[in-house]
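Step one of this worksheet: look at the structure below.
The values are calculated or read from the model by the stated rules, or taken from the named source; none is laboratory data. Small disclaimer: the values here were computed from a predicted structure and weren't measured. Cβ coordinates were reconstructed from backbone atoms using ideal geometry, including for glycine residues, and neighbour counts include every protein chain displayed. Just so you know, the surface numbers come from the protein's heavy atoms only, side chains and all, with ligands and any DNA or RNA stripped out. Shrake-Rupley method; radii C 1.70, N 1.55, O 1.52, S 1.80 Å.
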Amino acid sequence: MTPVPRREVFEMIVLLAAGIGVSVLGLLAIGFGIPIADTSSGNALLIGGVVVACTGLVLVGMWLAARALISVARSGAIQTA
């Protein structure tokens, strides 16, 4: 097993933190948009919040995929140059 360089670990942590942070911001925007959904600014908050929340989930999914790829590389199934 080869150890993962510190830079890759740091990048993984940043990706996960960004994904969680963006998801929380999206949920906050949705929460603020629900009470004023009848207005145009409420609709804008709802739509923007959903887009941002989905972006956060995509970032978390990218973190999961990268984690799986690193575990495959560690197992030796893929020979790195």
Taking the stretch 12-43 and keeping only residues that are part of a loop (DSSP other than H, G, I, E, B) and touching a helix residue (DSSP H, G or I) at 6+ places or on another chain (Cβ under 8 Å), one is left with ILE34, PRO35, ILE36, ALA37
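Take the residues of the stretch 22-81 that are of a type in the set (Ser, Thr, Tyr) and open to solvent by 80 Å² or more (accessible area, probe 1.4 Å): which is modelled with the lowest pLDDT?
Start the filter on the stretch 22-81 by keeping residues that are of a type in the set (Ser, Thr, Tyr), which leaves 23, 39-41, 55, 71, 75, 80.
From the residues that got through so far, the ones that are open to solvent by 80 Å² or more (accessible area, probe 1.4 Å) too are 40, 75, 80.
Values: SER40: 92, SER75: 79, THR80: 57.
Here the residue is THR80.
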